[in-house]
1. Which ones in region 64-86 are in a loop (DSSP other than H, G, I, E, B), more than 28 Å from the chain's Cα centre (by Cα) and surrounded by 15 or more Cβ atoms within 10 Å (Cβ to Cβ)?
2. Residue check, residue 99 against (1) more than 24 Å from residue 300 (Cα to Cα); (2) buried (at least 21 other Cβ atoms within 10 Å of the Cβ), all met but one. Which one?
3. Exactly one of these conditions fails for residue 216: (1) touching a Gly at 6+ places or on another chain (Cβ under 9 Å); (2) more than 29 Å from residue 104 (Cα to Cα); (3) surrounded by fewer than 20 Cβ atoms within 10 Å (Cβ to Cβ). Give me its number.
4. Go over the candidates 384, 393, 377, 404 one by one and state the one that is at pLDDT below 85, among the aromatic types (Phe, Trp, Tyr) and out of contact with any Pro (no Cβ under 8 Å at 6 or more places or on another chain).
5. Is it the case that some residue within region 127-137 is touching a Phe, Trp or Tyr at 6+ places or on another chain (Cβ under 8 Å) and not polar (S, T, N, Q)?
6. Does residue 253 meet the test of being of a type outside the set (Gly, Ala, Ser) and either closer than 30 Å to residue 378 by Cα or without any contact (Cβ under 8 Å) to a residue 40 or more places away in the chain (or both)?
7. Which of the following residues is modelled with pLDDT under 95, under 18 Å from the mean Cα position of the chain (by Cα) and under 25 Å from residue 107 (Cα atoms): 325, 315, 354?
8. Restricting to region 127-171, give me the number of residues that are in a loop (DSSP other than H, G, I, E, B) and not β-branched (Val, Ile, Thr).
Amino acid sequence: MRHRVVIIGAGFGGLNAAKALRNADADVTVIDRRNFHLFQPLLYQVATGALSPGEIAAPIRGVLSKNKNTRVLLGDMSAIDAAAKTLLLADGAIIPYDTLIVATGSTDNYFAHPEWAALAPGLKGIENATEIRRRILMAFENAERATNAEQRKAYLTFVVVGGGATGTEMSGAISEIARDIVVHDFRSINTREAEVIMIEGSPRVLNSFPEDLSKSAEDQLHKLGVKTRLHSMVTAIDGNGVSVKCGDQEDHISAKTVIWAAGVKASPLGKLLGEQTGAEVDKSGRVIVEPDLTLKGHPDILVIGDLANFPHQTGKPLPGVAQVGIQMGDYAAKLIKARLKQKTVKPFRYWDKGNMATIGKAAAVAQIGPLHFGGLFAWLLWLFIHLMYLVGFSNRLTVLIEWFYNYVTMNRGARLITGDAQHISPEKVIS
């Protein structure tokens, strides 16, 4: 019987591990609850109508179709028996393994307020992105029908909680929609009067970037009309807006659309692994791994990507970005192939290739080693890097065409309202 490798999760880490094991002397099984790989860094463009879901996703079976040693299963892991080396899926199926790679990523962190999720959706999946798109577009539709200034202002106020890369990208994109994309589509409202407010608890936006790039990003946001509220914490969210505390002062922002981008936590499988293997789990649910990404006492189990806490290089966990998952996936495959040949490999080392975030059209910031960029050049670099890592040639070509069309025409063709169209009260008179 050949060595059996089971990979849970087909995100950046899991998919790259599977691709790198293509020629390994092993049977590989990839299990995911979705049948597609999602390019998460571009989810905000689906949420703001710039791209369609199919342009940033690729069927897992199609991506791995040339891996003759690999099979793909649609399923959800619910338990693990580390002693017997078996997994239990939610549908009752039992999957044996010789080496297990767990790469189930992360989810939104509402900091002990799970009830906020329904009021302020995060951006972790296609369903989230299309729901946010619906809410943004419905806000303009409802503002068009509003019968008083106060109601109209609430619909034209958008609050983004969190000033990291996702929050920055969302804020800039929503402002561009209001200022440039839909400005000629309505008759009763001036969409340029829309307010986009970003709330961030730290002293600056993009807190993980160097201070000069944070300042550049904030300046570019302000040029787009985005208002930033720093040193501020959200204390409550309801159907009418958010309560925000800054120092000793607390006020309420009336807004019908609130988007969450304030933090992430590891997927629930981190806690499950900790309970069933004895592995140490940090307060964010990440599993603390050994220098070779395995679990202490379980060299046959590797944890990679956002689920892993790898403190051995910098003394603190690596950032939750795609590059970390990609490099960990490649390393996991390298380790397995070396073991099959009775060889060893050096501990994992992360190579930081840089950091970047986009703010809007021709507006972005980028850090590559000691070099810092802002504005048009950073934006072009961001476009190139994201195209390069997008899975599938057809996806790259389609996205490139979409971006060029959007840039030239200032239009977004994917402005589709899906799901229920929730309007203001029908008894209101529309004059």
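1. 69, 82, 85
2. Evaluating residue 99 over (1) more than 24 Å from residue 300 (Cα to Cα); (2) buried (at least 21 other Cβ atoms within 10 Å of the Cβ) leaves (1) as the failure.
3. (3)
4. 393
5. Checked region 127-137: at least one residue is touching a Phe, Trp or Tyr at 6+ places or on another chain (Cβ under 8 Å) and not polar (S, T, N, Q).
6. No, not satisfied.
7. Selected residue: 354, the only one of 325, 315, 354 that is modelled with pLDDT under 95, under 18 Å from the mean Cα position of the chain (by Cα) and under 25 Å from residue 107 (Cα atoms).
8. Initial filter on region 127-171 (in a loop (DSSP other than H, G, I, E, B)): 146-148, 156, 162-164.
Now drop any that are not not β-branched (Val, Ile, Thr), which leaves 146, 148, 156, 162-164.
Going through region 127-171 one residue at a time, the tally reaches 6.
The values are calculated or read from the model by the stated rules, or taken from the named source; none is laboratory data. For clarity, every value in this text was computed on a predicted model and none was experimentally measured. Every residue, glycine as well, gets a Cβ built from its backbone with ideal geometry; the counts of neighbours run over all protein chains shown.
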